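The structure appears below as structure tokens.
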Amino acid sequence: MNAPISAGDPTPAAIISNPPPPSTPINAIWITIPHFFFHMPTPRTPIPLPHCCATLALVLTFACSVPAAENAPPTLQPAPAQIDPARALFDEAASPQDREAAADSLIRANTPPAIDLLANAIKHDTPPGSRAAVLAAIENAQTPPPAIIPALAEYARIAASADLVPVLRAIARFHSRDAVTPVIDRLLADPSPQGDPLNQLVAALRLQTGRTDLPPDPAHWREWWNRAQWLPANQWQSALLSAQGEAVRQSTQQLTEAYTRLVGIYSRLHLLTPTAERSPLIVELLTETAEPLRALGLDLAERALLNAEPVEETVAVALENLLADASPRVRARAASVLDTMALPSSTPPLTDALARETEPTAAIPLLRAAARRGAPAAAPDVVRWIERDSPARATAIQAIADLLAAGFSPNSTTRDRLLAALLPTLDDDAPPARAWEVLARMGRSAELAAALHDQEADRANAAAAALLPLPAHTRTITDAALERPLLAPLAVLAIRMHNPTAEGYRTIYSFLPQDPDERAAVVDQFVRAMPPIERSAAAARDQDPANKLLLLAFAEDPAALASVPNPQAVIASRLDLLLQTAQHEVVLQSIQALPENTDRTPFAPQRVRALLRLLRFDEAAAASTAPAPAPALAEVWLDELTNTNHPARAAELAVHIRTLFDTSLTTEQRSRLDTIAPPTPTPPQEAPPQE
């Protein structure tokens, strides 16, 4: 019997996988030869002669090729401990997991000695469990070696029905005729297998050949084999690929149909679930491995957020896990939905996902999330996507612009990287929309000033648009617009954004368009942006009645009117302008629309004047006596009498004046009335009666 294998003893696999280093003394090499034979498997497990010779030759080769160390001591140097897959495979005390890992190492080595060790385990199963470990490793291997087929074929022919499944699963990984032959022979054997063995053999053949169309009947497989076994190699491969392709197509179609039905079932289940209880169902779908179900989970999560339905934090946790999904499309959608949920706890997972993301399609929503959340920790990864020429670059530039606008201040390293990546993009025919803005926020005024005078109008406009959000650069834009009229609209916009004052109102007249309609529209937009107090100040300086009316239009808004120092004067000024522009009905409507608690007495002159000009003398007379006649109202009547050219109206006005203000007229007003009033006709006197 062999001695037990100790952890420090070298074995054939260790020698093959880990050749000794050149510095190893020759006598330490030679000591492995007796160890090789000493650690042979038990006598019931003979090692093939080629294996022994190959390993011995390998040892001799190492011995001959490694020079002996000068003045080497006569004592042996212990070899360093090495990981030995063969030791675990043939160690009786090894666990099944260790044996399978050892077999997988030998499969990946794929050397003749390794294949021999694997074949020996398959044939003899010594120690017990080594065969099962090798078969499982072959079944799960990424690329199992074809050299193991003879050993698998030999065992597949003799394996008991109860032990058939593992070897069939392993040999089904191979599609060559040599791998198919032992399985078909077993199926067509006499007596024919029945029950589970029959189904197992047919399942293996279907995997090997792709002939899923053949039923589990040996007669049909015999008919197919009688033709297929004589095909030339190229025709065998062609037929095999064709059958496998058709099988994959049918399987894919069936799987698609199944998932379609399953998605429909889950959708109906979602509708039947109360709104407040839908989150667990969404989480269940998001954690499914099948992409159609995950996609449905993402759809339902988006729909819940759009409909303002309650969504539990467990949904956010499931979405965070999807940020590491293998599919870029799934990662992108998960990031988008997670960002929409706007949970502060999701910011670190989104930032971490951006740090490891390599696909532009998935990076775009992550970049948007970093911008919306103002995450400074994401800045280096945002810059990384600006450095990379990809579809995500424009989004990355927008993200860094938003971060800078939110107050982010990059360190010197990030700043240098950002400028180095950003400046070349400005030379493109169509630079990213906000690249100029990033440049402006980083204080690169020299580049921007030069761009404002660029021959390309688009570049000049882009540079000016980038400066718009920055109040300090308003003067830069307006100065450039004086030289380049094409920048005039942006100059007006900059003034409107940062200087909507009476001073700014005067400044925009240097940049107004020539077309009257366009000019009026620009002025109207600017005036609407001005605070009421600035509009009032601008109206006091403007001489154009139409412009003054536009500036004082805020008087119709009680809240805006309350923000100016003297609201009554503003109302009176606007009413006078309306009278000046013959908008008499508007005057009456404006006075009527004043809040109920407003004292309308100060506006009686404007009301009476509007009524007189509308020839509504009786109403004007009534308005002049409430609460009592006043000299100011007499002036209004006298003005209208002065301005009328109609004798009958003049006579009627004079009668009303004498009636209303007979006792309240001043000496000057009475003299004026006598001067402008038409003469009162003297009634004819009757002749005295004759005697």
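So the values come out like this:
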item	result
Residue that is nearest to residue 590 (Cα to Cα) [pool: residues in the range 548-559 that are at pLDDT below 90 and surrounded by fewer than 18 Cβ atoms within 10 Å (Cβ to Cβ)]	556
Members of the range 449-459 that are surrounded by fewer than 19 Cβ atoms within 10 Å (Cβ to Cβ) and over 14 Å from residue 483 (Cα atoms)	456, 458
Residue, farthest from residue 595 (Cα to Cα), within the range 549-568, restricted to residues that are polar (S, T, N, Q) and touching a Pro at 6+ places or on another chain (Cβ under 7 Å)	563
Answer residue from the range 392-410, given it is assigned to a helix (DSSP H, G or I) and not hydrophobic (A, V, I, L, M, F, W, C) and is least open to solvent (accessible area, probe 1.4 Å) among those	395
Enumerated helices (runs of 4 or more DSSP H) restricted to the range 515-618, each holding at least 3 residues that are under 30 Å from residue 650 (Cβ atoms)	567-580, 584-592, 604-613
Which numbered condition residue 462 fails, given (1) aliphatic (A, V, I, L, M); (2) farther than 21 Å from residue 389 by Cβ; (3) open to solvent by 20 Å² or more (accessible area, probe 1.4 Å); (4) in contact with a Phe, Trp or Tyr (Cβ under 9 Å, 6 or more places away or on another chain)	(2)
Wholly enclosed helices (runs of 4 or more DSSP H) of the range 42-144 bearing at least 3 residues at pLDDT 90 or above, surrounded by 13 or more Cβ atoms within 10 Å (Cβ to Cβ) and in contact with a Pro (Cβ under 8 Å, 6 or more places away or on another chain)	96-109, 112-124, 130-140
Search result, residues across the range 255-292 that are surrounded by fewer than 11 Cβ atoms within 10 Å (Cβ to Cβ), in a loop (DSSP other than H, G, I, E, B) and modelled with pLDDT of 90 or more	274
All positions within the range 633-650 that are open to solvent by less than 40 Å² (accessible area, probe 1.4 Å) and closer than 15 Å to residue 621 by Cβ	633, 634, 636, 637, 638, 640, 641
Subset tally (residues that are open to solvent by 10 Å² or more (accessible area, probe 1.4 Å), touching a helix residue (DSSP H, G or I) at 6+ places or on another chain (Cβ under 6 Å) and of a type outside the set (Gly, Ala, Ser)) for the range 145-155	2
Residue that is modelled with pLDDT under 90, within 13 Å of residue 184 (Cβ to Cβ) and open to solvent by 30 Å² or more (accessible area, probe 1.4 Å), where the choices are 211, 222	211
Any hit, the range 127-150, residues being over 52 Å from the mean Cα position of the chain (by Cα) and of a type in the set (Lys, Arg)	no
Which listed residue is open to solvent by less than 60 Å² (accessible area, probe 1.4 Å) and either on the phi < 0 side of the Ramachandran plot or under 46 Å from the mean Cα position of the chain (by Cα) (or both), from 233, 247	247
Scope the range 177-195; condition of a type in the set (Asp, Glu), modelled with pLDDT of 90 or more and more than 12 Å from residue 222 (Cα to Cα); matching residues	178
Leading residue by the ranking (farthest from residue 439 (Cα to Cα)) among those in the range 378-391 that are buried (at least 24 other Cβ atoms within 10 Å of the Cβ) and aliphatic (A, V, I, L, M)	378
Any chance residue 446 is over 30 Å from residue 539 (Cα atoms), free of Cβ contacts under 8 Å to residues at least 12 places away in the same chain and open to solvent by 50 Å² or more (accessible area, probe 1.4 Å)	yes
Condition met for residue 216 (under 54 Å from the mean Cα position of the chain (by Cα), in contact (Cβ under 8 Å) with a residue 12 or more places away in the chain, on the phi < 0 side of the Ramachandran plot and open to solvent by 60 Å² or more (accessible area, probe 1.4 Å))	yes
Out of 475, 496, 506, sole residue that is touching a helix residue (DSSP H, G or I) at 6+ places or on another chain (Cβ under 7 Å), open to solvent by 60 Å² or more (accessible area, probe 1.4 Å) and closer than 30 Å to residue 460 by Cβ	496
Top-ranked residue of the range 411-440 - restricted to ones that are of a type in the set (D, E, K, R) and assigned to a loop (DSSP other than H, G, I, E, B), ranked as surrounded by the most Cβ atoms within 10 Å (Cβ to Cβ)	434
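Conditions tested, residue by residue: (1) free of Cβ contacts under 8 Å to residues at least 60 places away in the same chain; (2) among the basic types (Lys, Arg); (3) out of contact with any Gly (no Cβ under 6 Å at 6 or more places or on another chain); (4) within 23 Å of residue 188 (Cβ to Cβ).
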residue	(1), (2), (3), (4)
239	yes, no, yes, yes
264	yes, no, yes, no
267	yes, no, yes, no
282	yes, no, no, no
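The values are calculated or read from the model by the stated rules, or taken from the named source; none is laboratory data. The model shown is predicted, which means the values in this text are computed figures rather than measured ones. Cβ atoms come from the backbone with ideal geometry, glycine included; neighbour counts cover every protein chain shown. Accessible surface areas use protein heavy atoms only, side chains included; no ligands, DNA or RNA. Shrake-Rupley method; radii C 1.70, N 1.55, O 1.52, S 1.80 Å.
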